[in-house]
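In what follows, a structure is listed as structure tokens, so that the remarks can point back to it.
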Amino acid sequence: MCGISGIVHSENFGRSLLNSIKNLEYRGYDSCGVAVIQNGKIDLRKNIGGIDDVNLKERLDQMQGKIGIAHTRWATHGGVTQENAHPHLSANRKFAVVHNGIISNYQQLRERLLSEGVCFDSLTDTEVFVNLLEKSYTESNDLEQAFLAALQQIEGSFSIVMLSSHDPENLYCVKKESPLLLGLGEGCNYVGSDINAFLEYTRKAIVLDEGEYVILGPNEYQVRSLKTGKKLKKNVLHIDWDVETSKKGGFSHYMLKEIFDEPQTVRQAMQIPKEQIVALAEMFADSSRSYMMGVGTTYYVASISQYYFSALAECYYSALSSDEFSVVDIKQGDMVLAISQSGETYDTKTALVYAKECGAKTAAIVNVMGSAISMMADQVIMQGSGPEICVVSTKAALAQTFIMVRVALELGLIRRKIKQKDYKKFQNEMQEFSEIIEIVLNEQSGFVRNIARDTSHVEHWLFLGCGVYYPVAMESALKMKEVTYQHAEGMPAGFLKHGTLSMVESALHTLFFVPPPEQKELHKRTLIAMEQVKSRGGTVIAIIFQGDELAQKLAFQSINLPVVSSLFAPLLQMIIAQMFAYYAALDLGRNIDKPRNLGKSVTVG
Ligand code: F6R
């Protein structure tokens, strides 16, 4: 879960490489480094810390050259030290390598190289590979042959980019399980672990497939199969993401900016052609058993969707956390839907591979074009939410949920569970939803900020809701934990009385997701739980809808939202809870866009 970038022949070289890893910083940010060829030699600078800090120490932006590689790291193997930061050099300093993934047999290889007299600076698997390269080159005197020979010796999952002073015109790249893409410019080419590495410079991209390697020059590239050595013809994709969307645009953090992107994200989700939505609904309708899976936030998106499928199409589908998916007995004729912002999450990818091996039909909702999951599934909906830079997922999760509502609605129609006139009404509500979000964001943000500030000291929270508001509470609690590092536990409101009530006292705060009063049964059950907390001296904060006096009376503080259709009430509360977590984290001085111990796409198991 690190970021790789490489550039061949760019103007303003150091600055371009630096920008490109800055655009990848959300993938890892504990150390970084750059290696370039200057005057026939490799100049390497790397250090621990975020990219701006390292740049101040090492002046990466002033590095000169025409070809180079860069890396931003999130440590998985080997601690956060300058030695362990990438790029890694071979002992003779003629090879430099950046690497994502894991070389699983590196210990044996390291011991062999040690016995042959190689000295290592770091504890990383990458340094083993770069020294294998050096050895292989001594034997063949041919760079491509040396690259292939070294690759033959390693096992695991990896993407690697190699720079060598033996060939100052080309980068050597390989992809196995860990993503790698090429960016094609004018007289200048790029390689990156995702398109953000080069989106600022070009919109033309090539996604590398499993077991492919590339020799990348300034004007040409050759993609070949590792297995056969054959030259491969690749499709060039046009990336239509707006570069501006990946900028902070005056907001103090990407998280806030991306929350404010949500009206636009919903509009984009509404633009996804109806045929694609219907095709996915039909896939559900035609399958004997259907499953939805994701992990972290996307698991909660699947869990929220369960309620929509049930309400709109009278279908119940299991929602599973991808890391638990292998316990399910999947059979031919089953259908599995994966939900993933990055399209690279290891747990979800692995679960999808398992589903395919069992003969299931597969579908996916993904944000990142060309990502592994988007290439694997039989049917894919690209959500088109634009780059989500903050590690914490907000706009992507909302868009995924919105898309799932669209699918549930189509399925309801296919299964004749909703009438045409209701379908039309829901469609109209969908069209209006983005404007409602805009109003709510503008009207409520000050108010949400005040309550978040007043309560940011609270160390233990219970987030409670009934029906669909329960997974919304779960997702909101995850957001709170991720970004504030405070304890927040999501739970069904009715579950509270079965044990957890024992914890209630004034220091324990509860956030209730109260449905509109028209959802009578859910509303009643939520208010009962609010009373249970209040009567035991617990502090009740509630997100409610205007006119709900009963709930208002029970709450110590409440956030009053405009009345919306019950279809979108849970989604509106989800947005408010994202803002609540943001402002609490702001007050606590947390590293909001890059919270500790998290990375944007978790590509390890
Ligand atoms: C939550 C969050 C994580 C991701 C999870 C799945 O804010 O960012 O829980 O949702 O790691 O990631 P994707 O959606 O990329 O598969």
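How would you classify the range 212-306 from its alpha-carbon gyration tensor, with a ≥ b ≥ c the square roots of the eigenvalues: rounded for a/c under 1.5, else prolate if a/b is greater than b/c, otherwise oblate?
Values: a/c = 2.24, a/b = 1.26, b/c = 1.78.
The shape class here is oblate.
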Taking Rh as the Kirkwood radius, which is the inverse of the mean 1/r over Cα pairs, what is the Rg/Rh value for the range 1-101? 0.93
Between the range 370-444 and the range 101-118, the alpha-carbon center distance in angstrom: 48
So the angle from the long Cα axis of helix 262-271 to the longest Cα principal axis of the chain, reported in degrees to the nearest 10, equals 80
State, in angstrom, two size descriptors of the chain derived from its alpha carbons: Rg to one decimal place and Dmax to the nearest whole number. 25.5, 81
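Multiply the residue gap between residue 450 and residue 524 by 0.36 nm, knock off their C-alpha separation, and tell me the result in nm, one decimal place. Please list the in-between numbers first.
On the way: separation 74, 0.36 × 74 = 26.64 nm, distance 2.80 nm.
Using 0.36 nm per residue and subtracting the Cα-Cα distance, I get 23.8 nm.
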Rounded to the nearest 0.05, what FRET efficiency is calculated for residue 12 and residue 155 with R0 set to 60 Å and r the Cβ-Cβ distance? 0.95
What's the angle, to the nearest 10 degrees (0 to 90), between helix 274-286's Cα axis and the longest principal axis of the chain? 80
Per the C-alpha gyration tensor (a ≥ b ≥ c, the square roots of its eigenvalues), the range 167-221 is rounded if a/c is under 1.5, else prolate if a/b beats b/c, else oblate; here it's oblate
Kirkwood hydrodynamic radius, computed over distinct alpha-carbon pairs, for the range 325-443: how many Å, to one decimal? 16.1
Normalised by the number of residues in the chain, what is the relative contact order in percent for Cα pairs under 8 Å and 6+ residues apart? 11
Solvent-free Debye scattering, log10 I(q)/I(0), computed from the Cα coordinates of the range 441-599 at q = 0.11 Å⁻¹: -0.38
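Take each of the peptides 368-376, 421-429, 174-182, 201-209, average the number of other beta-carbon atoms within 10 Å over its residues, and list them starting from the highest. Mind showing how you got there, number by number?
Numbers: 368-376: 22.4, 421-429: 13.7, 174-182: 24.1, 201-209: 18.9.
Highest-to-lowest ranking by the protection proxy: 174-182, 368-376, 201-209, 421-429.
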Which residues does a label at residue 460 reach in the range 507-533, if reach means a backbone N under 20 Å from a point 7 Å past the Cα toward the Cβ? 507-513, 529-533
Under a crude label model (7 Å from the Cα following the beta-carbon direction), how far is residue 332 from residue 507 in nanometres? 6.0
What distance in nm separates the simple spin-label points at residue 485 and residue 145, each placed 7 Å from Cα in the Cβ direction? 5.4
Which of 113, 279, 338, positive extreme of dipole for the chain (C-beta unit charges): 279
Cβ density ranking, 10 Å radius, fewest first, applied to 147, 495 yields 495, 147
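Please get the size of the charge dipole for the chain, origin at its Cα centre, with Cβ charges of +1 on Lys and Arg and -1 on Asp and Glu, quoted in debye to the nearest 20. Each step should come with its number before you reach the end.
Working: 59 positive and 68 negative charges, 125 e Å.
Value, rounded to 20: 600 debye.
Under 12 Å from the Cβ of residue 587, count the other residues' Cβ atoms, weight Lys and Arg +1, Asp and Glu -1, and hand me the total. It would help to have the intermediate numbers written out before the result.
Values: positive: 449, 453, 590; negative: 454.
For residues surrounding residue 587, the net value is +2.
Once the piece of chain linking residue 428 and residue 233 is laid out straight, how much longer is it, given 0.36 nm per residue of separation minus the C-alpha distance between them?
Working: separation 195, 0.36 × 195 = 70.20 nm, distance 4.50 nm.
Once the chain is fully extended between residue 428 and residue 233, it gains 65.7 nm.
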On full extension of the chain, what length is gained from residue 57 through residue 587, given 0.36 nm per residue of separation minus the C-alpha to C-alpha distance? 187.9 nm
Find the Cα radius of gyration of the range 68-227, compare it with 2.2 N^0.38 Å by division, and give the number to two decimals. 0.99
Less than 18 Å from a label point 7 Å out along the Cα-to-Cβ axis of residue 414: which backbone N atoms in the range 267-288 qualify, by residue? 272-288
For the range 175-248 and the range 8-59, what is the separation of their Cα centres, given in Å? 19
Cut-off under 17 Å on the C-alpha distance; same-chain residues fewer than 8 positions from residue 417 excluded. Which lysines are left, in chain and number order? 425
Rounding to the nearest 20 debye, state how big the charge dipole of the range 3-243 is about its Cα centre with +1 on each Lys and Arg Cβ and -1 on each Asp and Glu Cβ. 300
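Can you classify the range 254-418 as rounded, prolate or oblate using the Cα gyration tensor, where a ≥ b ≥ c are the square roots of its eigenvalues, rounded means a/c under 1.5, and otherwise it's prolate if a/b beats b/c and oblate if not? If you can, show how the numbers build up before the last one.
On the way: a/c = 1.73, a/b = 1.19, b/c = 1.45.
Note, shape of the range 254-418 comes out oblate.
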Any idea what the dipole of the range 217-354 comes to, in debye rounded to 20, about its Cα centre with Lys/Arg Cβ at +1 and Asp/Glu Cβ at -1? 780
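Any read-out appearing in this document is the output of simple, stated calculations on the displayed coordinates, not a laboratory observation. These numbers were taken from a predicted model, which means no experiment stands behind them. FYI the Cβ positions are ideal-geometry reconstructions off the backbone, even for glycines, and counts take in every protein chain you see.
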